[in-house]
Amino acid sequence: MNKRWVSYIIAFFIIISLNFAIPRLLPGDPVSAIYGEDVMVKLSEDVKEYINSAYNIDKPVISQYFLYLASLFKGNLGYSLYYKQSVGKLLMSYMPFTLLLMGLAVIISSFFAFILGIESGWRRGKKIDLFLLYSIIISSGFPSFFIAALFLIFFGITLGALPMQGARTAYSGFTGFGITSDFLKHLVLPLSSLIFILIPPGYFLTRNAMLSNIKEPYILLARAKGLSDSKIRYGHAGRNSLIPFVTQTGMRMGTIIVTGSLFIEMVFSYPGMGSLIYNSILNRDYPVLQGSLLIVTFLVLIINFFMDILYVKIDPRIKYAH
Amino acid sequence: MLKVKNLRTSYGKNEILKGLDFEVSKEDIVAVIGESGTGKTTLALAIMGLLRYQQDNVKISGEIVFNGIDLSRLKEDELKKIRWSKISIVFQNVDNILNPVIPVFKQIKEILNSNDGTSIINDMLEKMDFPVSRAYAYPYQLSMGEKQKVMLAMAYILNPEFVILDEPTSALDFESKNNLIKIIKELSSQKAVLLATHDLDTAQNISNKTVVLYGGNIIESGSTKDVFTNPRHPYTRGLIRSYPSETRTKDLQGIKGNPGFTDNGCCFWPRCTQAIQICKEEKPLLTESNGRKIACHRYGIIPLVSVSRIKKTYENRSILKSISFDVYEGETLTILGRSGSGKTTLAKIIMGLIKPDDGEICLENMKVTCWDSAFYKKVQMIFQDTRAALSHRLNILESVTEPLLIQKCKSNEEMVDAAKQVLSEVGLPGSDDFLYSYPHHLSGGELQRVVIARALILSPRVLIADEPTSALDPSIQAKVLKLLNQIQEQRGLGMLFITHDLGVARKVSDRVMEINNGILKEKILR
Ligand code: SF4
């Protein structure tokens with residue numbers, strides 16, 4: 001485990017150092033590279049000072065670096081001219097939505113993908129298996145934004161049952177329970193389409209793992225022992241299928257975040273990191289873009305870290321191998 | 001307890017078990033022995049009702065009657081009730097036989113339905129001499145022997161009536177193996193056990209009955225002691241001979257050909273050295289005689305030469321006093337004796353060179369009345385003194401083909417071909433240079449090989465070898481003895497080996513008899 005700590009810390013420093021280096025490697029000075037040529041002319045004195053204190057262009061590079069680190073740890077990620085807000089605060093207001101959406105989507109989709117995969121693999125070649133297999137193959141053939149749009153059209157427009165965009169109804173004046181239910185209603189469409197998109201890969205993997213695991217000798221032993229079917233299916237075959245499943249989910253986390261935030265949040269105008277990044281690209285809001293990417297990579301790093309701990313828990317052989 | 005009747009199993013068109021009949025009673029430990037691929041594991045799985053999980057398209061016919069219930073007809077949920085509580089199994093210790101990600105203790109515990117199995121498990125592990133603290137380890141942290149103990153603990157923990165052990169000692173070192181054999185014996189008292197193994201030591205150590213399987217057929221069965229000390233089916237003998245046991249002294253010998261089973265006739269005929277026409281056409285049935293069952297048209301290994309009550313007196317000195325023995329197909333019987341003990345006289349009597357005072361000699365169960373060319377076609381002898389055996393006026397080709405000339409059965413070219421073939425069999429060149437050289441050109445080892453080649457050219461069934469290597473240097477002697485061993489493996493030659501050298505006797509013989517004062521006695525070699 002110790003070695004892992006070190007590698008995480010190194011990765012972390014590489015990321016923040018890149019974040020430090022990139023604007024400084026661009027032509028011109030970093031402030032004009034990031035905020036545009038004429039920014040200094042237009043800005044008020046406070047903002048100028050804020051920006052200067054963040055970049056310290058007048059100091060040598062080494063001290064710039066340490067000052068950058070110091071301000072980073074204070075949570076200072078720069079200032080967005082577009083939103084007229086510090087990037088740190090901006091991220092704090094967008095981040096929770098993404099975390100909520102992604103967290104729920106990953107948990108719920110993993111649950112279904114895993115259970116369906118196990119049941120399907122266990123009943124290989126039977127009707128239920130074939131039905132699940134073909135329907136999931138077909139649904140996984142559609143691009144994710146297409147599925148999101150389908151959900152949007154069907155549930156939002158045709159049925160009109162659910163709000164189609166945003167995270168809450170503006171100026172509704174809801175209070176108490178009203179706020180919560182309004183918030184949840186807004187979550188339904190993006191969340192369910194994200195779940196829908198995330199299920200197939202996990203399902204396929206689990207089903208495949210089951211197909212090979214049920215041929216393993218320990219399954220024969222479990223059968224010989226006269227264990228109940230569900231015990232063999234979940235306690236033995238499923239337990240072993242969990243290993244590739246968790247590994248794969250961990251590796252897909254980056255992709256999940258990108259599909260999740262970028263496409264889904266865009267389609268449903270859900271106010272999370274995806275929307276923020278998208279808008280900052282449109283508006284050339286580099287400080288926000290930079291800050292968001294830093295936070296997202298940081299997030300991926302943290303998730304990986306927990307995944308590593310999880311691997312050891314579910315596959316004791318890993319610890320042994322290290 | 002368990003009765004298997006005409007059990008046949010097949011995957012698709014591939015028939016694995018071809019009609020097995022046997023029985024395991026209470027307190028019986030029945031070893032099923034045979035090489036891999038003969039269907040031992042299939043049999044174990046068939047009894048457990050697990051075959052269909054192992055392969056698609058499984059068909060089972062016949063009966064597997066356990067305490068009056070035919071297991072092969074039971075539904076899965078009925079089988080579930082019998083599995084493990086009545087019949088348990090120790091599977092072959094392959095990778096992943098234990099679930100790799102579950103601590104072994106938990107894997108034992110899931111068998112017990114009660115929540116409080118810990119003390120029962122601890123007791124069991126103690127009996128196996130397995131440290132309880134190790135039980136919380138994962139399978140990959142255990143040694144082969146420890147894993148095997150875990151599996152045994154599992155199998156015996158519900159105190160089942162019938163236990164199947166599939167290769168319980170394979171992949172273990174000598175010490176762990178003996179340790180495990182002891183444990184198995186202890187645990188198995190009062191139980192019926194089916195032990196499937198290719199490890200003959202284990203089979204011999206644990207079981208009281210043995211069933212020999214070849215190509216999905218039972219070819220021999222009987223009490224373990226009988227089967228091992230006196231195998232009657234050629235395959236059983238071959239199997240035992242090829243196994244490096246602790247007590248065998250003869251060099252390892254394989255079985256001719258490669259394992260490959262035929263469905264026409266006897267499953268063993270392509271590898272059998274005593275096969276006759278009917279063997280290729282008709283499948284022999286398992287028939288019983290003297291508590292032994294054997295499936296062979298020739299009722300097992302045949303005696304080639306039977307000597308009974310031979311007496312010989314020279315100048316009032318009784319040299320041979322009523323000597324009787326059999327030389328079986330494919331075996332080497334050594335007559336051990338000091339010089340002057342009469343062993344050469346005995347060989348000459350068999351060869352018809354000296355007349356006995358009394359007694360008779362049978363060849364393939366027929367009494368020999370005259371020693372004609374038909375007899376010498378089947379029985380050949382090689383002598384101690386090679387230089388005397390080969391005429392110095394004949395070249396090698398002429399010497400080797402001399403017996404063919406006497407038998408007048410081949411044309412000239414055929415004779416040359418035959419000579420080249422036997423020469424290559426004994427490891428000599430077939431070049432013209434060699435064929436037309438004379439005995440004095442050759443070394444002692446080469447000469448002895450020429451003599452052997454000459455003896456083999458008629459494809460005899462019996463070879464009598466009188467001190468064939470005593471005139472040779474040890475290194476050459478070793479080569480010639482190995483050669484004889486090999487020829488025996490390929491041709492199924494019955495060999496009567498006559499020597500005064502105990503060391504040589506140990507290496508070449510299946511059985512040794514010692515002649516002393518005219519009396520022949522079986523000598524047990526250890
Ligand atoms: S003699 Fe015939 S029946 Fe007997 S084992 Fe040989 S081939 Fe089979």
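The values are calculated or read from the model by the stated rules, or taken from the named source; none is laboratory data. What you are looking at is a predicted structure, and each value in this text was computed from that prediction instead of being measured. Neighbour counts run over all protein chains shown; Cβ positions are idealised from the backbone, glycine included.
Scanning the range B:256-266 for residues that are near the ligand (Cβ under 10 Å from one of its atoms) and either of a type in the set (A, V, I, L, M, F, W, C) or part of a helix (DSSP H, G or I) (or both) returns a single hit, B:266. Within the range B:112-168, the residues that satisfy the criterion of being in a helix (DSSP H, G or I), without any contact (Cβ under 8 Å) to a residue 24 or more places away in the chain and not charged (D, E, K, R) are B:118, B:119, B:122, B:132, B:133, B:141.
With the requirement that a residue be within 33 Å of the chain's Cα centre (by Cα) and buried (at least 22 other Cβ atoms within 10 Å of the Cβ), what does the range B:133-165 give you? Within the range B:133-165, B:148, B:149, B:150, B:151, B:152, B:153, B:155, B:163, B:164, B:165 qualify. When residue B:269 is tested against (1) touching a residue at least 12 places away in the same chain (Cβ under 8 Å); (2) within 11 Å of the ligand (Cβ to nearest atom); (3) out of contact with any Gly (no Cβ under 6 Å at 6 or more places or on another chain), just one condition goes unmet, and that condition is (1). All told, residue A:178 meets the bar of being at pLDDT 75 or above and exposed (fewer than 14 other Cβ atoms within 10 Å of the Cβ). Per the conditions (1) in contact with a strand residue (DSSP E or B) (Cβ under 9 Å, 6 or more places away or on another chain); (2) more than 8 Å from chain A (Cβ to nearest Cβ); (3) surrounded by 15 or more Cβ atoms within 10 Å (Cβ to Cβ), the sole criterion not satisfied by residue B:74 is (1).
Being among the β-branched types (Val, Ile, Thr), more than 14 Å from every other protein chain (Cβ to nearest Cβ), more than 8 Å from the ligand (Cβ to nearest atom) and assigned to a strand (DSSP E or B) is true of residue B:310.
Got a sec? Which of A:160, A:202 is surrounded by fewer than 16 Cβ atoms within 10 Å (Cβ to Cβ), more than 12 Å from every other protein chain (Cβ to nearest Cβ) and not aromatic (Phe, Trp, Tyr)?
Just one listed residue meets the conditions, A:160.
Here residue B:47 meets the list (1) facing chain A (nearest Cβ under 7 Å); (2) touching a helix residue (DSSP H, G or I) at 6+ places or on another chain (Cβ under 7 Å) almost entirely, failing just condition (1). Across the range A:68-84, the number of residues qualifying as free of Cβ contacts under 8 Å to residues at least 40 places away in the same chain and loosely packed, with under 15 Cβ neighbours inside 10 Å comes to 5.
Residue B:253 falls short on exactly one of the conditions (1) farther than 26 Å from residue B:9 by Cα; (2) within 16 Å of the ligand (Cβ to nearest atom), and that condition is (2). Residues that are surrounded by fewer than 18 Cβ atoms within 10 Å (Cβ to Cβ), at the interface with another protein chain (Cβ under 9 Å from one of its Cβ atoms) and on the phi > 0 side of the Ramachandran plot do occur in the range B:90-97. Within the range B:98-107, the set of residues being among the hydrophobic types (A, V, I, L, M, F, W, C), within 10 Å of chain A (Cβ to nearest Cβ) and either touching a Leu at 6+ places or on another chain (Cβ under 8 Å) or assigned to a helix (DSSP H, G or I) (or both) comprises just one member, B:98. Residue B:317 passes every criterion in (1) touching a strand residue (DSSP E or B) at 6+ places or on another chain (Cβ under 7 Å); (2) more than 16 Å from the ligand (Cβ to nearest atom) apart from (1). Scanning the range A:267-278 for residues that are in contact (Cβ under 8 Å) with a residue 60 or more places away in the chain and in a helix (DSSP H, G or I) yields A:267, A:273, A:274, A:275, A:276. Residues in the range B:489-504 that are closer than 20 Å to residue B:455 by Cβ and at pLDDT 90 or above: B:493, B:494, B:495, B:496, B:497, B:498, B:499, B:504. Would you confirm whether any residue within the range A:145-155 is assigned by TED's automatic domain parsing to the domain that holds residue A:110, crowded, with 19+ Cβ neighbours inside 10 Å, free of Cβ contacts under 8 Å to residues at least 24 places away in the same chain and over 20 Å from residue A:102 (Cβ atoms)? Scanning the range A:145-155, I find no residue that is assigned by TED's automatic domain parsing to the domain that holds residue A:110, crowded, with 19+ Cβ neighbours inside 10 Å, free of Cβ contacts under 8 Å to residues at least 24 places away in the same chain and over 20 Å from residue A:102 (Cβ atoms), so the answer is no.
For (1) modelled with pLDDT of 90 or more; (2) of a type in the set (A, V, I, L, M), each residue gets a yes or a no:
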position: B:198; (1), (2): yes, no
position: B:212; (1), (2): yes, yes
position: B:236; (1), (2): yes, no
position: B:247; (1), (2): no, no
position: B:261; (1), (2): no, no
position: B:278; (1), (2): yes, yes
position: B:284; (1), (2): yes, no
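A single entry from B:287, B:247 fulfils the requirement of being more than 8 Å from the ligand (Cβ to nearest atom), part of a loop (DSSP other than H, G, I, E, B) and either under 30 Å from residue B:482 (Cα atoms) or out of contact with any Leu (no Cβ under 9 Å at 6 or more places or on another chain) (or both): B:247.
For the range B:221-230, the count of residues that are in a loop (DSSP other than H, G, I, E, B), in contact with a helix residue (DSSP H, G or I) (Cβ under 6 Å, 6 or more places away or on another chain) and more than 16 Å from the ligand (Cβ to nearest atom) is zero.
Within the range A:299-318, identify whether any single residue is away from chain B (no Cβ under 14 Å), closer than 25 Å to residue A:11 by Cα and surrounded by 20 or more Cβ atoms within 10 Å (Cβ to Cβ), and answer yes or no.
no
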